[in-house]
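Worksheet: the structure to be examined is printed underneath.
The values are calculated or read from the model by the stated rules, or taken from the named source; none is laboratory data. All figures in this text were calculated on a predicted structure; none of them were measured in a lab. Cβ atoms come from the backbone with ideal geometry, glycine included; neighbour counts cover every protein chain shown. We work out accessible area using only protein heavy atoms, side chains counted, and drop any ligands, DNA or RNA first. Shrake-Rupley method; radii C 1.70, N 1.55, O 1.52, S 1.80 Å.
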Amino acid sequence: MAVHTGSANNTNSSGVNNVGPNSSANRKEIYKYVAPWTVYSMNWSVRPDKRFRLAIGSFIEEYNNKVQIVALDEASSDFYPKSTFDHPYPTTKIMWIPDAKGIYPDLLATSGDYLRVWRYNDSGETRLECLLNNNKNSDFCAPLTSFDWNEVDQNLIGTSSIDTTCTIWGLETGQALGRVNLVSGHVKTQLIAHDKEVYDIAFSRAGGGRDMFASVGADGSVRMFDLRHLEHSTIIYEDPGHHPLLRLAWNKQDPNYLATFAMDASEVIILDVRVACTPVARLNNHRACVNGIAWAPHSSCHICTAGDDHQALIWDISQMPRAIEDPLLAYNAEGEINQIQWASTQPDWIAICYNNFLEILRV
């Protein structure tokens, strides 16, 4: 990562090992892919045999968006597209099945007008397995703002919608013979989660990692739910000005902590679920609105934030509740960063998107 905040030896202070595509001394720190359109969504594959594979989604205003699967050729150091397929609206989120052991089919989910689950094979073919629509009695479709795929039980996907609801879907990924579509889904439960639009949903790793999830929305609140007791929810934070909260992300190592940010805000708020309604830290070095947050997969005290000021910042929050003054590392991109993802199986790589570029950065 081309980082400049303080001393030069900051580059490795997050405790990660520099092992990347090239083991030679002159290995690159940044790999770039130029997409044929503005990149709107992005996600790393977690399969151990697909180390440098990502899916990206377009932002095209017409009804002809695309999803592309790209991979890094480690010999040539170039990214190349392996598959491109149509997606009517921009993908509000895109996510590979969180299946690090390769037990399940190679599946990819996308949200937009509906939740779609796709199957990818190594020949470059991507096939729609199922389209999940919860509006059976209406022609109206309430767009999905986001979703999360449960890491512990890969048969669960939770979606958030502008119609104030969250829906938990059950997937069947059986390999039954004679069926054209091997993946199907059904609604396990749907709940009114907020008073206004719900903008994001994320499963927590607390209590075994299956049943707890949180959501944020236009009413400015963060709410926690338990699939075993859905008659209750807990408001763990409310924005003082009732500004919409756009995204939330759970700490990958310590489920007591989560991060969120408000619409048009330049700061990221860190919350401790044990201390309701009071942020334990505020990360406010961005000079324009924040667009993305990603916790380190391997460390409970590192988080990356990115925004319209072209910056991706990595923070060390180990000093909480003392104020976090400055980021540990900073990277300046050539455009407004709209998406950031920290590779869960390769903690020394972060991916960012801006304009029509995808970059992966070694940290």
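On the basis of being surrounded by 16 or more Cβ atoms within 10 Å (Cβ to Cβ), more than 20 Å from the chain's Cα centre (by Cα), farther than 18 Å from T260 by Cα and modelled with pLDDT of 90 or more, does T164 make the cut? Even if it seems obvious, please write down each step before you answer.
Details: surrounded by 16 or more Cβ atoms within 10 Å (Cβ to Cβ): yes; more than 20 Å from the chain's Cα centre (by Cα): yes; farther than 18 Å from T260 by Cα: yes; modelled with pLDDT of 90 or more: yes.
Judged against the criteria, T164 is a match.
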Do the conditions hold for A262, that is, is it within 19 Å of Q346 (Cβ to Cβ), modelled with pLDDT of 95 or more and touching a His at 6+ places or on another chain (Cβ under 8 Å)? no
Name the residue that is most open to solvent (accessible area, probe 1.4 Å), counting only residues in the stretch 211-234 that are part of a loop (DSSP other than H, G, I, E, B), at pLDDT 90 or above and touching a strand residue (DSSP E or B) at 6+ places or on another chain (Cβ under 7 Å). L227
List every residue pair whose Cβ atoms sit under 6 Å apart, with the two residues 6 or more apart in sequence or on different chains, where the first one lies in the stretch 307-326 and is free of Cβ contacts under 8 Å to residues at least 60 places away in the same chain and the second, anywhere, is open to solvent by 80 Å² or more (accessible area, probe 1.4 Å) and in a loop (DSSP other than H, G, I, E, B). D308/E336; D309/R287
Residue within the stretch 281-288 that is modelled with pLDDT under 95, surrounded by fewer than 18 Cβ atoms within 10 Å (Cβ to Cβ) and not in a strand (DSSP E or B) present: yes
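If a residue has to be over 25 Å from T234 (Cα atoms) and under 21 Å from the mean Cα position of the chain (by Cα) to count, how many in the stretch 285-300 make the cut?
Summing the residues that are over 25 Å from T234 (Cα atoms) and under 21 Å from the mean Cα position of the chain (by Cα) in the stretch 285-300 gives 9.
For every residue, the table says whether it meets (1) part of a strand (DSSP E or B); (2) open to solvent by less than 40 Å² (accessible area, probe 1.4 Å); (3) under 25 Å from G220 (Cβ atoms); (4) of a type in the set (S, T, Y).
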site	(1), (2), (3), (4)
T260	yes, yes, yes, yes
N291	yes, no, yes, no
I303	yes, yes, yes, no
I314	yes, yes, no, no
Y331	yes, yes, no, yes
It is to be established whether one or more residues within the stretch 349-357 are without any contact (Cβ under 8 Å) to a residue 40 or more places away in the chain and surrounded by fewer than 21 Cβ atoms within 10 Å (Cβ to Cβ). no
Of the conditions (1) open to solvent by less than 30 Å² (accessible area, probe 1.4 Å); (2) closer than 24 Å to Y199 by Cα; (3) among the β-branched types (V, I, T); (4) assigned to a loop (DSSP other than H, G, I, E, B), I324 satisfies every one except a single condition; which number is it? (2)
In the stretch 185-195, is there at least one residue being surrounded by 16 or more Cβ atoms within 10 Å (Cβ to Cβ), within 26 Å of R127 (Cα to Cα) and of a type outside the set (D, E, K, R)? yes
Complete set of residues in the stretch 52-108 that are among the hydrophobic types (A, V, I, L, M, F, W, C) and touching a Gly at 6+ places or on another chain (Cβ under 7 Å): V67, I94
